[in-house]
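The values are calculated or read from the model by the stated rules, or taken from the named source; none is laboratory data. Keep in mind that this is a model prediction, so the values were computed, not measured. Heads up, the Cβs are rebuilt from the backbone with ideal geometry, glycines too, and the neighbour counts pull from every protein chain shown.
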Amino acid sequence: MQSVPVIVLLTVMAPLASAQHQTFTVSPDTSEVKITLNTTHEVVHGAFHVQAGSVEFDGNDSRMSGSVIVSAGSGNTGNGSRDKRMNKEILKVEQYTSISFAPVSYTGAIAPSGDSMIQVTGTFKLLDVPHQITVPMAVHIEWPTATAKTHFSIPYVQWGLKDPSLLFWRADKDVSLDLTLTGQLSK
């Protein structure tokens, strides 16, 4: 019967142990940013390269810190002339080499293993201008590997980027992003 107190102690201590300070280090090779932009003639799909990322969090605290950095000039939509124009006129990659997201807090609970849904609030920096945003994030943990996925829209024209529309060719003023981050957790 001595095993019952041990089981009770483990049950009580497990949430406390899982709520320790953790660092999620992003693997750029397996992470990706996909974009979708609706236009009058087609739906444009593209991808950007995640350059680096690291996020620190603690299950006992809603604060987060760190950043995810995307190479602004890595955008590829499968159309060289469109990509060249996007880099030069819209993203201005010679002046602004990166796009970043720095999380500052989250709501919800991050389970020590399996799936969790949280809301992450942070600063999305585009053309070096910060924008506060909250995004839904699906987190999957299989210690020490973790994956975080989110889908959200950026009002890029409202945020000061050039509208790529020309004459009879029109583009939506929002671009959809699908972000998948994979990496390793450490305590």
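Total residues in the range 35-53 satisfying the condition of being touching a Pro at 6+ places or on another chain (Cβ under 8 Å) and either modelled with pLDDT under 95 or not in a strand (DSSP E or B) (or both): the figure is 1.
Test Thr77 against the stated conditions and say whether it is surrounded by 14 or more Cβ atoms within 10 Å (Cβ to Cβ), closer than 18 Å to Pro164 by Cα, without any contact (Cβ under 8 Å) to a residue 60 or more places away in the chain and of a type in the set (Val, Ile, Thr). Yes: the conditions hold for Thr77. When we screen Thr121, Thr180, Thr145, Thr150 for residues that are without any contact (Cβ under 8 Å) to a residue 40 or more places away in the chain and under 21 Å from Gln51 (Cβ atoms), the only hit is Thr150.
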